[in-house]
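Worksheet for the structure shown next.
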Amino acid sequence: MPRTPSENERIRQMAKANILEAAMDLFIRQGYHATSISDVARHAGISKGLMYNYFQGKEELLATMVTERIGAIAQVMQDAAALTEPIEQLKFIIGHAIDSVYQKPEEHRFYLHLQTQPEADQELIKYSRLLVEEAARQFELQCRIFERLGVAEPRKRSLYFSFTLQGIMLMISTYPQQFPIEEIKAQMLDEFRR
């Protein structure tokens, strides 16, 4: 019995996810420039030719990863904005950020590294800029949360919040499994609820 179009699409999406996972693993371990498309295909357990049915090359893999990352960040802020109370919005942001880094510390380090590429790296700098631009957009949304909290200087408070959260995320991604995650989330929320 032939597969339905929806079954074919499901299989295609699973194959793409497998390739992206293999590419992320290699980019983390070897670096983007040191990883070839053949390496990715081999790590994904498929032929190089089959891989080209899903992605045109290594840069398209990276572009897809960055697009998905930006979408995920935007979704967190959208979900937070859907909550009615600003303190609940902050709690959601803190929880999601810390949990995601705790679950995938290497992935966080990969995107942090990508975000800090030198201008001379013409292949990677455009993706670095996309991540930085999205962070700036999300920061503006975060500032509105602090305005709703009624703090005296919402932009400064939002900056301090970002610095604190980014520092925590960096420490967790650098030294995974060494922090009382729930206590850190509660302490941060307590710090910024006023």
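The values are calculated or read from the model by the stated rules, or taken from the named source; none is laboratory data. For clarity, every value in this text was computed on a predicted model and none was experimentally measured. Cβ: placed from backbone, ideal geometry, glycine included. Neighbour counts: every protein chain shown. The area values use the complete protein model at the heavy-atom level, side chains included, leaving out ligands, DNA and RNA. Shrake-Rupley method; radii C 1.70, N 1.55, O 1.52, S 1.80 Å.
Some values worked out for this structure:
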{"read-out": "Residues of region 119-132 that turn out to be free of Cβ contacts under 8 Å to residues at least 60 places away in the same chain and open to solvent by less than 80 Å² (accessible area, probe 1.4 Å), as a count", "value": "4"}
{"read-out": "All positions within region 52-94 that are among the hydroxyl-bearing types (S, T, Y) and either over 13 Å from the mean Cα position of the chain (by Cα) or open to solvent by less than 50 Å² (accessible area, probe 1.4 Å) (or both)", "value": "Y52, Y54, T64, T84"}
{"read-out": "Filter result for the condition that a residue is touching a residue at least 40 places away in the same chain (Cβ under 8 Å), aliphatic (A, V, I, L, M), under 26 Å from Y32 (Cα atoms) and out of contact with any Lys or Arg (no Cβ under 7 Å at 6 or more places or on another chain), over L149, L170, L165, L141", "value": "L170"}
{"read-out": "Residue in region 1-10 that is small (G, A, S) and on the phi > 0 side of the Ramachandran plot present", "value": "no"}
{"read-out": "Leading residue by the ranking (modelled with the lowest pLDDT) among those in region 6-48 that are open to solvent by less than 50 Å² (accessible area, probe 1.4 Å) and among the small types (G, A, S)", "value": "A15"}
